[in-house]
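A short write-up of the structure that comes next.
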């Protein structure tokens, strides 16, 4: 998500899903970019809730929810 805060500043938000090490590596590289003034990584642990399909023709898939 990209939002202009004023003429010179904007806010960027990126939502990623993947291995924690890969997400951390991406965040570290992004925060190190020239022009980035503030950077912070928030991680949310997820767990697979259940496998199912929505109808007879639907493909089997998993829904993930935050760890309780």
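The values are calculated or read from the model by the stated rules, or taken from the named source; none is laboratory data. Just so it is clear, the model here is predicted, and its values are computed rather than measured. Neighbour counts run over all protein chains shown; Cβ positions are idealised from the backbone, glycine included.
Could we say that residue 16 is touching a strand residue (DSSP E or B) at 6+ places or on another chain (Cβ under 8 Å) and surrounded by 10 or more Cβ atoms within 10 Å (Cβ to Cβ) here?
no
Among the candidates 16, 30, single out the residue that is in contact with a helix residue (DSSP H, G or I) (Cβ under 7 Å, 6 or more places away or on another chain), at pLDDT 90 or above and not in a strand (DSSP E or B).
16
So residue 48 clears everything in (1) in a strand (DSSP E or B); (2) in contact with a helix residue (DSSP H, G or I) (Cβ under 9 Å, 6 or more places away or on another chain) except one condition, right? Which one?
(2)
Answer with yes or no whether residue 55 is touching a strand residue (DSSP E or B) at 6+ places or on another chain (Cβ under 8 Å) and free of Cβ contacts under 8 Å to residues at least 12 places away in the same chain.
no
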